[in-house]
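Novice: Mind looking over this structure? Questions follow.
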Amino acid sequence: MASLYMTNMATKLLIGLTTTCVLALSMNTSQAVQVYKSIGAHGEVKYSQHAPQNARNVEVIEFRSDGRQNNAGQMAGKTDANQSAGTPNPEDQRVAELEARIKDQEAQANAQRCQSLRNNLTNLNVGGRIYEMDANGKRQYLDGREIELKRERVQQAIGQYCKGTET
């Protein structure tokens with residue numbers, strides 16, 4: 001009886017060891033494991049190693065043997081999971097610096113324009129006689145209606161150019 005028991009145990013161990021070896025070999029030879037992500041009949045998200053029969057929106061997700069997702073777009077050129085997307089080339093850096101410089105210059109020009117408009121509005125609000133120079137360099141004094149129109153235009157321009165700054 002003990003002999004039969006020992007034979008059964010040895011057979012089970014041998015089958016278990018053989019199965020483990022076959023699984024280990026098959027996992028080493030395959031580079032990616034496919035997982036199917038789908039939405040079931042009642043809207044629940046399901047994951048399976050086998051293709052679903054009656055499911056909507058089936059998505060195949062591949063995982064590498066180290067457990068990371070096998071996505072060429074995210075993993076292209078990477079040899080380490082923690083590696084960043086890469087440093088930009090010198091031309092891209094130069095373009096980025098030029099764009100930043102242009103943006104700063106535009107911001108400074110807008111700030112100067114905004115300050116000039118505020119000064120003009122202050123002059124229009126002070127009162128008194130206001131004039132403009134004509135093409136010949138002579139003063140043309142504005143009446144009350146013209147001053148009010150200028151004030152409205154300057155306020156509109158301040159609204160346009162002075163966004164994000166105090167008015």
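Novice: Can you find, within region 144-167, the residue that is modelled with the highest pLDDT among those that are outside any helix (DSSP H, G or I) and surrounded by 11 or more Cβ atoms within 10 Å (Cβ to Cβ)?
Specialist: Taking region 144-167 and keeping what is outside any helix (DSSP H, G or I), we get 162-167.
Still in the list and also surrounded by 11 or more Cβ atoms within 10 Å (Cβ to Cβ): 162, 165, 167.
On the way: CYS162: 85, THR165: 58, THR167: 44.
Per the stated criteria, the residue is CYS162.
Novice: Ok, one more. Looking at ARG113, ARG118, ARG56, ARG94, which one is charged (D, E, K, R), open to solvent by 90 Å² or more (accessible area, probe 1.4 Å), over 26 Å from the mean Cα position of the chain (by Cα) and at pLDDT 85 or above? Spell out how you get there, then give the answer.
Specialist: On the way: ARG118 fails: open to solvent by 90 Å² or more (accessible area, probe 1.4 Å); ARG56 fails: at pLDDT 85 or above; ARG94 fails: over 26 Å from the mean Cα position of the chain (by Cα).
Result: ARG113 is the single residue among ARG113, ARG118, ARG56, ARG94 that is charged (D, E, K, R), open to solvent by 90 Å² or more (accessible area, probe 1.4 Å), over 26 Å from the mean Cα position of the chain (by Cα) and at pLDDT 85 or above.
Novice: Within region 97-110, restricting attention to residues that are of a type in the set (Gly, Ala, Ser) and within 15 Å of ILE158 (Cα to Cα), which residue is most open to solvent (accessible area, probe 1.4 Å)?
Specialist: ALA107
Novice: Report every pair of residues separated by at least 6 positions or lying on different chains whose Cβ atoms are under 7 Å apart, first residue within region 120-143 and part of a helix (DSSP H, G or I), second of a type outside the set (A, V, I, L, M, F, W, C) and surrounded by 10 or more Cβ atoms within 10 Å (Cβ to Cβ).
Specialist: LEU121/ARG151; LEU121/GLN155; LEU124/LYS150; LEU124/ARG151
The values are calculated or read from the model by the stated rules, or taken from the named source; none is laboratory data. All figures in this text were calculated on a predicted structure; none of them were measured in a lab. Here the Cβ is made from the backbone with ideal geometry for all residues, glycine too, and neighbour counts use every protein chain on show. We work out accessible area using only protein heavy atoms, side chains counted, and drop any ligands, DNA or RNA first. Shrake-Rupley method; radii C 1.70, N 1.55, O 1.52, S 1.80 Å.
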